[in-house]
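Let me begin by presenting the structure, written as structure tokens, before commenting on it.
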Amino acid sequence: MREQFQHSLITSFSLWFDHYLLDKGDAYYNTTGTFHPATDARLTSHNIFASPYKQFVSDSSITGANICSGAYVTGVFKGRSDGVIVDFENGRILSTGIASGSAMTGSFAVKDFNIYFVNETEEDLIVENKYTPTSDFPSANAAITPYDMTVPAIFISSETMQNDPFAFGGQDKTRTLVKAVIMSDDVYKLDGVLSIFSDARNEAFKILPFISHPINEYGDIKSPPYNYTSLADASGNGLFYIDRVFASKLSDKSKKLLPNNVFIGFLDFDIYTHRFPRL
Amino acid sequence: MPDNNIPIIKRGVRSAAPRILSPELRNETSRAFLSIKNQMVAEFLGHPITVEIMAGPDAPNISGTLGGRGNLFSFIGFEEGDDPIKPILDLLYSSFVQFNGITPTGIVSSVFIPTADEIFNETPMPWATGRSWTFGIERGISGLGWYLNQSGAGRSGGGLQASQQIAAAKFKNTQYISALLNKYTKLFQSL
């Protein structure tokens, strides 16, 4: 299927959201750690070395963030030119050339919140109790299972879309409601996210084509370095406008009804753009 | 106080002295304003969403927003005894007309009615106060309120009885507050 408006919206919003949170909130921390040998049934052709963290920061426009470009194997740096693949989505190093039992360490910037684009309803995310922050996260001596969605996390979903007539010539105003469910292990971080995005009312972000998404199938950057600001600057004049943002927290009374100890918040983005959907 | 200021210039008889005619013009404008305001309130009270929510946890889904399954009061997650409509009604009732002065051709007045954003702010979800259930009616509501009600042993009373019905329900967005205010803003402008 050819790329549609919705694909572009998802790409544009998720990249903007990630950049905005990291930029406005410094919602990451630089750290060092060991990459533990791991397995992945989907990637039997590679040797896997997994950190005890999930998503790494990949956006080099974030000042101060240590963007991972490789790892040290017995004290020798191995980068992409050595065949190393950095899986930013799962906090891993993949390689075909490094022996599976090798001692590997590295330095990287870890996101405070993992960000996922999902197709689940709020009730599925919250009530089914799938996401419980482990008390010992990040685990000091173990890798996290790949592809599992791990809390603290923000789950983004595109809910509804509506076209209203805007101008002669077939131009419509397209309104899209994008919702984010924030699951945090502490209320300080939750309040921070809600505050940052409450202030995003009247912000605009660039329309980016689906193909411009910087991450490949391995979770690595397609053409390093990835810089959101440069990507947005080079992407034409089309904009999405954030007309309204509703920020809220699950009330304490309701939170007590849930079995896990996750702090939950909600962000509802009312997003406009003007387009010619029938041309 | 409503802050949706709709400026209105009521023209008097062009050749007459407006100062003499102004009491009559003011009365006429006030009467017309009250008539439209009452019409606005009546239309709001007669809206299927309003009727269904006012009927409480045992109401049928007359608005059709849940495909006829369960009802909105329980789906949103209100507690038995809640009156979610009252804040909206209070805001609509607080609409007023203000006379600003006399010009050589007539009197100048402004009508103040609530904005959609004001109503959204006054209608919080029972389980997340930063969210508005009226905005949700227009743009989509998750079934989380109902599920939380289930966890709390059916705070809304009707939640448990209708549980199987609502669990299968998918909410259908419906025009509500924004459409009503858009319509009546135009009518007030025609005063």
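Filtered by the rule that a residue be under 15 Å from residue A:215 (Cβ atoms) and either touching a His at 6+ places or on another chain (Cβ under 6 Å) or without any contact (Cβ under 8 Å) to a residue 12 or more places away in the chain (or both), segment A:62-99 gives a lone residue, A:94. Whether a residue is away from chain B (no Cβ under 14 Å) and surrounded by fewer than 17 Cβ atoms within 10 Å (Cβ to Cβ) was assessed, and residue A:225 passes this test.
Can you confirm whether segment A:153-160 contains a residue that is without any contact (Cβ under 8 Å) to a residue 24 or more places away in the chain, over 25 Å from residue A:63 (Cα atoms) and not in a loop (DSSP other than H, G, I, E, B)? Steps first, answer last, please.
First, the residues of segment A:153-160 that are without any contact (Cβ under 8 Å) to a residue 24 or more places away in the chain: A:159-160.
Adding the requirement that they be over 25 Å from residue A:63 (Cα atoms) leaves A:159-160.
Imposing the further condition that a residue be not in a loop (DSSP other than H, G, I, E, B) reduces the set to A:159-160.
Looking through segment A:153-160, at least one residue is without any contact (Cβ under 8 Å) to a residue 24 or more places away in the chain, over 25 Å from residue A:63 (Cα atoms) and not in a loop (DSSP other than H, G, I, E, B).
As a summary of the residue check, residue A:273 satisfies the conditions (1) in contact with a Lys or Arg (Cβ under 9 Å, 6 or more places away or on another chain); (2) surrounded by fewer than 19 Cβ atoms within 10 Å (Cβ to Cβ); (3) more than 14 Å from chain B (Cβ to nearest Cβ) except for the one numbered (2). Criterion applied to A:205, A:197 was being under 17 Å from residue A:15 (Cα atoms), within 12 Å of chain B (Cβ to nearest Cβ) and at pLDDT 95 or above, and the one residue passing it is A:197. Within the option set B:98, B:161, B:165, being away from chain A (no Cβ under 14 Å) and either at pLDDT 90 or above or in contact with a strand residue (DSSP E or B) (Cβ under 7 Å, 6 or more places away or on another chain) (or both) holds for one residue only, B:98. What about residue B:58, is it touching a Gly at 6+ places or on another chain (Cβ under 6 Å) and not polar (S, T, N, Q)? Taking the combined requirement at face value, the residue satisfies it.
Table: residues versus (1) over 18 Å from residue A:150 (Cβ atoms); (2) assigned to a strand (DSSP E or B); (3) at pLDDT 90 or above; (4) within 22 Å of the chain's Cα centre (by Cα).
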site: A:48; (1), (2), (3), (4): no, yes, yes, yes
site: A:64; (1), (2), (3), (4): yes, no, yes, yes
site: A:77; (1), (2), (3), (4): yes, yes, yes, no
site: A:94; (1), (2), (3), (4): yes, yes, yes, yes
site: A:97; (1), (2), (3), (4): yes, no, no, no
site: A:100; (1), (2), (3), (4): yes, no, no, no
site: A:105; (1), (2), (3), (4): yes, yes, yes, no
site: A:109; (1), (2), (3), (4): no, yes, yes, yes
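Count of segment B:36-63 residues, restricted to those that are of a type in the set (Ser, Thr, Tyr) and either at pLDDT 95 or above or touching a Leu at 6+ places or on another chain (Cβ under 6 Å) (or both), is 1. Only one entry of A:124, A:136 meets the criterion of being outside any loop (DSSP other than H, G, I, E, B) and at pLDDT below 90, and that entry is A:124. Filtering segment B:53-92 to residues that are surrounded by 19 or more Cβ atoms within 10 Å (Cβ to Cβ) and either farther than 20 Å from residue B:147 by Cβ or among the β-branched types (Val, Ile, Thr) (or both) leaves B:53, B:63, B:65, B:76, B:88, B:91, B:92.
Looking across segment A:228-263, the residues that are closer than 27 Å to residue A:65 by Cβ and either facing chain B (nearest Cβ under 10 Å) or not in a loop (DSSP other than H, G, I, E, B) (or both) come down to A:228, A:229, A:230, A:231, A:232, A:233, A:239, A:240, A:242, A:245, A:247, A:263. Checking every residue in segment A:235-258 against the condition of being exposed (fewer than 14 other Cβ atoms within 10 Å of the Cβ), farther than 29 Å from residue A:184 by Cβ and without any contact (Cβ under 8 Å) to a residue 24 or more places away in the chain gives at least one match.
Could you check how many residues of segment B:109-143 are part of a strand (DSSP E or B), touching a residue at least 24 places away in the same chain (Cβ under 8 Å) and within 8 Å of another protein chain (Cβ to nearest Cβ)?
Final tally of qualifying residues: 1.
The values are calculated or read from the model by the stated rules, or taken from the named source; none is laboratory data. As the structure is a computational prediction, the values presented were derived from the model and not from experiment. Using ideal geometry, Cβ is built from the backbone for each residue, glycine included, and neighbour counts are taken over all protein chains shown.
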